[in-house]
Amino acid sequence: MIKDAVIPYELPEINDHSFFFISQHISPALEAGLHRHEAWELYYVTKGDGIRLAGDTPMPFSEGDVVLIPPSMPHCWKYRPASANDKGEITYLMVAFNPAFVADCKRIFPEIRNKLSVHAEPSEALKFGPESTLEIKRSLRRMAAIDEIGRLCEMLRLLPTVFVRQWQMM
């Protein structure tokens, strides 16, 4: 199905930001091909549907899905062009963060360490349960409307939801 070579990808602005956030509005043809990076990727589909590849597992996705892709896992999102909005765009909210960000938060903030230390980080791509999905959607929508300091605060609130709440392996 997807025969592209895996492209290594560096997160932009890595020296000036703790994580990368984007509210994306693009043509389905411009979405990144099969790639990998050394960061967690939390992805919320706000418009569009298609087939997602995470590792070697193709799965359908649709508007409203929230997925966590672990570091180093090859992945891509192939949107159906017919699922684009009236401007011909698919849309999503995405935050990517390095494992070092999570480790530093655990080291610096005992409150986060206490919440996350008893839970193992997942090694497979995850789709969240309904309660966690709702919390993550709200958080990413708030991040789209605030400045980078506000996003950092929101990111600290988001970590326990991402790593402690209910998820299901894809």
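The values are calculated or read from the model by the stated rules, or taken from the named source; none is laboratory data. Predicted model, so just to flag it, every value in this text is computed and none were measured. Note: ideal-geometry Cβ built from the backbone for every residue, glycine included; neighbour counts use all protein chains shown. Keep in mind that these areas ignore ligands, DNA and RNA; they rest on the heavy atoms of the full protein, side chains included. Shrake-Rupley method; radii C 1.70, N 1.55, O 1.52, S 1.80 Å.
Could you tell me which helices of the chain pass both thresholds, a Cα extent of 18 Å or more along their own axis and a mean Kyte-Doolittle hydropathy of at least -0.5, with helices taken as whole DSSP H runs?
148-164
Per residue, how many Å² of accessible area does the chain show with a 1.4 Å probe?
It amounts to 52 Å² per residue over the chain.
Once the dipole of the chain is set up with Lys and Arg at +1 and Asp and Glu at -1 on Cβ about the Cα centre, which of T46, F128, A100 lies farthest towards its positive end?
The residue sitting farthest along the positive end of the dipole is F128.
I need to check one value: relative contact order of the chain, counting alpha carbon pairs closer than 8 Å and at least 6 residues apart, in percent.
So the answer I get is 24 percent.
Once you've got the GNM for the chain with C-alpha springs shorter than 10 Å, pick whichever of G50, G150, G64 has the biggest mean-square fluctuation.
Taking springs between Cα atoms under 10 Å, the residue moving most is G150.
For a quick check, take a GNM of the chain with Cα springs below 10 Å and name the residue from S123, S18, S139 with the largest mean-square fluctuation.
Its mean-square fluctuation being the largest, the pick is S123.
Using a Gaussian network model of the chain with C-alpha springs under 10 Å, which one of T46, T91, T57 is most mobile by mean-square fluctuation?
Between T46, T91, T57, it is T57 that shows the largest mean-square fluctuation.
What residues have an amide H closer than 5 Å to that of A125, excluding those fewer than 5 places away on the same chain, when H is modeled at 1.01 Å from N in the peptide plane?
The list, which skips near neighbours in sequence, is M170.
Could you tell me which label, among (1) 1.12; (2) 1.00; (3) 1.24, carries the value of Cα Rg over 2.2 N^0.38 Å calculated for this structure?
Step by step, Cα Rg over 2.2 N^0.38 Å for this structure corresponds to label (2).
In terms of Cα to Cα distance under 28 Å, which lysines are near enough to K137, apart from those fewer than 8 places away along the same chain?
Hits, sequence-local ones excluded: K47, K78, K87, K106, K115, K127.
Ratio of alpha-carbon Rg to the 2.2 N^0.38 Å globular estimate for the range 118-168, to two decimals, please.
1.19
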